[in-house]
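Enquirer: A single structure is presented below for examination.
Coordinate-derived values only; no laboratory data. What you are looking at is a predicted structure, and each value in this text was computed from that prediction instead of being measured. A quick note on method: Cβ atoms are made from the backbone with ideal geometry, for glycine too, and the neighbour counts reach across all protein chains shown.
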Amino acid sequence: MIYEVMKKIVNQDIPQAVVNSDKFQWNPASNDLFDNGKIMSFTREPDTRYAKLLSVFKVMKLVDPYFPDLNTHVLRSFESEREVAEKDVENIFDELLSSPMVKKVADLIKKRLGRNLEPFDIWYTGFKSRVNINEEELDKITKEKYPNAEAFEKDIVSILTKLGFKQDDAGYIADKIQVDPARGSGHAFGSAMRKFKSHLRTRVVAGGMNYKGYNIAVHELGHNVEQTLTLYKMDYYSLSGVPNTSFTEAFAFLFQRRDLELLGMKNEDAKAKDFKILDTFWDAYEIMGVSLMDMKVWNWMYQNPDATPVELKNAVVSIAKEVWNKYYADVFGIKDQEIFAIYSHMIDAALYLPNYALGHLIEFQIEEYLKDKPLGPEMMRMCASGNIIPQQWMKNAVGMEISAKPLLKAVDEALERMN
């Protein structure tokens, strides 16, 4: 049912009368609107979703003349912000998406589910170590440990020492991070000046921080630690930060994947390492398709700058299906799915999605390097490179450039062991 709702959101087909209203009943599958059991005629919601995206595009267009050598947001996003060419990023994604490993992992998921795959299985979570733990139990643990945002802030030193940071370094970092309750899901806001603290925001529900809020908080803490190290530990302010957002996402993923360990729930399952590899791979497989769609949509908008919201909607749906049919249809056994167009990041974050995809690859390469080393000291060493070009940063950190090959190799080996 959730998937049916998603498709209606993508196509803007939801009856206007049911939005933010409890007056009527709505069947998402048939898209019928009811008033006390009687079917009603309706007007669908307006194409506001795509009008918003067009507005973001038009703002970026206003910036274009001020960058004669990088005169589109697409160029600036890749050549300036990421410092990795769009074509190179596309090739990296294509290598993973086209890999025979995809079908092998999909067959394993199908076997574990005991049914054929559905399109929403791109969000399959069965490889994650926490799936066998009752979430209500996790909520109970985290709410008791963190009754409010201040409790999490006070525990940062302990969290960092568990991750291998020396006590003095953990205290130094924690002193520069402030935890705030979030209205939304969560966010990390780094300081641009050494006199101010970085802010970690996560949702704290009534009764304390539930597991979801805790999981997000650990992710955002990864951002904040990186932001602190790359601001305070740099000799030159112009080198503060990391090469691009993918790198800070990689550190956030590294923290997030250790959330249960930080609660004292280390997974002793001999297959845990292999499941972790497969989970990273499936996450990357999902978000790379979304990222390619986002990239193609932005190129389409530049080719059609006078498009209307409805024309953009039709183009987005068409591009989403194109990407699905190329990389996912044969794996899932179903064509023409527009599922990738559901991501809100695409609407308001202007080509941010490829950062997550690259972040998964960077995270995996760093994780592989760290398999016999503590995270804390190595993170401090890696962050000391600062905001240099991405591929050189990776060479300094792990000895090789950003690539899908290490993950594909690890997946092949993991499947071999599991077989």
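Enquirer: With N set to the number of residues, divide the alpha-carbon radius of gyration of the stretch 134-262 by 2.2 N^0.38 Å and report two decimals.
Expert: The stretch 134-262 yields a ratio of 1.02.
Enquirer: Determine ³J(HN,Hα), in whole Hz, for all residues of the stretch 42-54 in sequence, where each value follows from phi through the Karplus function 6.51 cos²θ - 1.76 cosθ + 1.60 and θ = phi - 60°; x replaces Gly and Pro.
Expert: Per-residue couplings from phi come out as 8, 9, 5, 4, x, 7, 4, 3, 7, 5, 5, 4, 4 Hz.
Enquirer: Something else: Lys and Arg at +1, Asp and Glu at -1: add these up for the other residues within a Cβ distance under 10 Å of T228 and post the number.
Expert: With Lys, Arg at +1 and Asp, Glu at -1, the net is +2.
Enquirer: What are the semi-axes of the equivalent ellipsoid for the stretch 208-314, taken as the square roots of 5 times the Cα gyration tensor eigenvalues, largest first, in whole Å?
Expert: 33, 23, 14
Enquirer: Based only on other Cβ atoms within 10 Å, what is the fewest-to-most ordering of T142, T48, T161?
Expert: Listing T142, T48, T161 from fewest to most nearby Cβ atoms yields T48, T161, T142.
Enquirer: For the chain, find the longest principal axis of its Cα atoms and tell me its angle to the long axis of helix 405-418, 0 to 90°, nearest 10.
Expert: Rounded to the nearest ten degrees, it is 90.
Enquirer: Translational diffusion coefficient, Stokes-Einstein: compute it for the stretch 134-176 using the Kirkwood radius over C-alpha pairs as Rh, at 25 °C and 0.890 mPa s, and state it as an integer in µm² s⁻¹.
Expert: Once the numbers are plugged in, D ends up at 218 µm²/s.
Enquirer: Sorted by packing (mean other beta-carbon atoms within 10 Å per residue), highest first, where do 165-171, 241-247, 356-362 land?
Expert: The most tightly packed comes first, giving 356-362, 241-247, 165-171.
Enquirer: Normalised by the residues of the stretch 134-262, what does the relative contact order come to in percent, with Cα pairs under 8 Å and at least six apart? Walk me through the numbers before you get to the answer.
Expert: Details: 191 pairs, mean separation 30.6, N = 129.
Averaging sequence separation for qualifying contacts and normalising by length gives 24 percent for the stretch 134-262.
Enquirer: Just the Kirkwood number for the chain, please: inverse of mean 1/r across all distinct Cα pairs, in Å, one decimal. Spell out each step's value before the answer.
Expert: On the way: mean 1/r = 0.0432 Å⁻¹.
Kirkwood hydrodynamic radius for the chain: 23.2 Å.
Enquirer: Taking θ = phi - 60°, what integer Hz values does the Karplus form 6.51 cos²θ - 1.76 cosθ + 1.60 yield along the stretch 110-119, in sequence order, with x for Gly and Pro?
Expert: Coupling constants for the stretch 110-119: 4, 5, 5, 7, x, 7, 5, 6, 10, x Hz.
Enquirer: Distance from a point 7 Å along Cα→Cβ of K273 to each backbone N in the stretch 358-372: keep the residues under 19 Å and list them by number.
Expert: 363-372, by backbone N distance to the label point.
Enquirer: Which value at 222 nm does the chain reach when only helices count, each DSSP H run of 4 or more adding -39,500 (n - 2.57), with the total divided by all residues and rounded to the nearest 500 deg cm²/dmol?
Expert: -17000 deg cm²/dmol
Enquirer: When H219, H187 are ordered from fewest to most other Cβ atoms inside 10 Å of their Cβ, what list results?
Expert: Ranking H219, H187 by Cβ neighbours within 10 Å, fewest first, gives H187, H219.
Enquirer: Please compute the net charge surrounding V411, taking Lys and Arg as +1 and Asp and Glu as -1 over other residues with Cβ under 15 Å from its Cβ.
Expert: On the way: positive: K103, K104, K271, K273, K276, K405, K409, R417; negative: E95, D107, D274, D279, D283, E286, E363, E367, E368, D412, E413, E416.
Residues close to V411 contribute a combined charge of -4.
Enquirer: Let me ask something else. Less than 24 Å apart at the alpha-carbon level, and either on another chain or at least 8 residues along: which lysines does that give for K273?
Expert: Correct list for K273: K103, K104, K110, K111, K128, K162, K212, K371, K373, K405, K409.
Enquirer: Could I ask something else about it? Counting other Cβ atoms within 10 Å, which trypsin sites (Lys or Arg not before Pro) in the stretch 11-50 have at most 16 and lie in a DSSP loop?
Expert: Loop-located and lightly packed - K23.
Enquirer: Roughly how tilted is helix 2-11, in degrees to the nearest 10 and between 0 and 90, from the longest Cα axis of the chain?
Expert: 70 degrees
Enquirer: May I ask for the net charge around L53, where only other residues with Cβ less than 14 Å from the Cβ of L53 are counted and Lys, Arg are +1 while Asp, Glu are -1?
Expert: Net of charged neighbours comes to +2.
Enquirer: Round to the nearest 10 and give me the degree value, 0 to 90, for the angle of helix 353-369's Cα axis relative to the longest principal axis of the chain.
Expert: Taking the Cα atoms of the chain, the angle to 353-369 is about 30 degrees.
Enquirer: Between K373 and S318, how high is the FRET efficiency from 1/(1 + (r/R0)^6) when r is the Cβ-Cβ distance and R₀ = 51 Å? Nearest 0.05.
Expert: Numbers: r = 47 Å, r/R0 = 0.91.
That gives a FRET efficiency of 0.65.
Enquirer: For the stretch 331-345, take each phi angle, set θ = phi - 60°, evaluate the Karplus expression 6.51 cos²θ - 1.76 cosθ + 1.60, and give the result in whole Hz per residue in order, putting x for glycine and proline.
Expert: Residue by residue, the stretch 331-345 yields 6, 8, x, 8, 9, 6, 9, 9, 4, 5, 7, 7, 5, 5, 4 Hz.
Enquirer: Springs between alpha-carbon pairs under 10 angstrom, Gaussian network model over the chain: which of N71, N11, N148 fluctuates most?
Expert: N71
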